[in-house]
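What follows is calculated from the coordinates using simple rules that are stated; it is not laboratory data. Here the structure is a predicted model, which is why all the values come from computation and not from measurement. Note: ideal-geometry Cβ built from the backbone for every residue, glycine included; neighbour counts use all protein chains shown.
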């Protein structure tokens with residue numbers, strides 16, 4: 001994952017400072033997910049370790065934590081992770097702030113937002129859209145690959 005930091009350093013530096021950590025974390029996430037991790041995740045979970053399945057908000061520090069445990073179990077040492085990496089707390093805080101900035105505060109009584117991929121009929125069916133909003137839809141997704 002360190003290589004992607006070097007490869008995209010100029011792009012990251014061109015972003016506003018307050019978005020650089022999130023962008024770097026997104027790059028780490030894309031690197032992690034570009035491979036089928038199911039077998040690795042199953043092995044990690046079978047040994048009581050994080051399967052890395054919930055590290056979206058702090059990918060590199062999550063991977064570093066698992067590697068640290070594996071190296072320790074193997075009798076090796078592990079360098080302290082880069083302190084500039086998003087921790088789980090920092091990552092969750094950033095994710096919550098970005099989500100609220102994009103979608104507004106969470107609806108009363110819920111911690112999640114509901115996104116609905118709209119069917120073609122939604123373009124002409126006001127009642128359908130109204131009913132989805134009344135049922136709790138917070139935002140809609142229009143699939144431009146169809147129609």
Practice task
Could you sort 32-38, 115-121 so that the peptide with the highest average Cβ count within 10 Å comes first and the rest follow in order?
Solution key: 115-121, 32-38
Problem - Approximate spin-label separation residue 108-residue 79, in nm, with each point projected 7 Å along Cα-to-Cβ - result: 5.3 nm
Exercise for the section: With only alpha-carbon atoms counted, please give the Rg and Dmax of the range 6-52, in Å. Expected result: 14.6, 42
Handout entry: Computed label-point distance, nm, for sites residue 133 and residue 67 using a 7 Å Cα→Cβ extension
Key = 4.9 nm
Problem - Semi-axis lengths, Å, the range 107-147, gyration tensor of Cα atoms, sqrt of 5 times eigenvalues - result: 21, 13, 4
Problem - Relative contact order %, the range 1-137, counting alpha carbon pairs below 8 Å whose residues are six or more apart - result: 17 percent
Handout entry: Using distinct alpha-carbon pairs, which all enter the 1/r mean, Kirkwood radius of the chain in Å
Key = 18.5 Å
Handout entry: Residue-span extension gain [residue 51 to residue 23] - 0.36 nm each, minus C-alpha spacing
Key = 7.8 nm
Handout entry: For peptides 53-63, 94-104, sequence by mean Cβ density within 10 Å, most packed first
Key = 53-63, 94-104
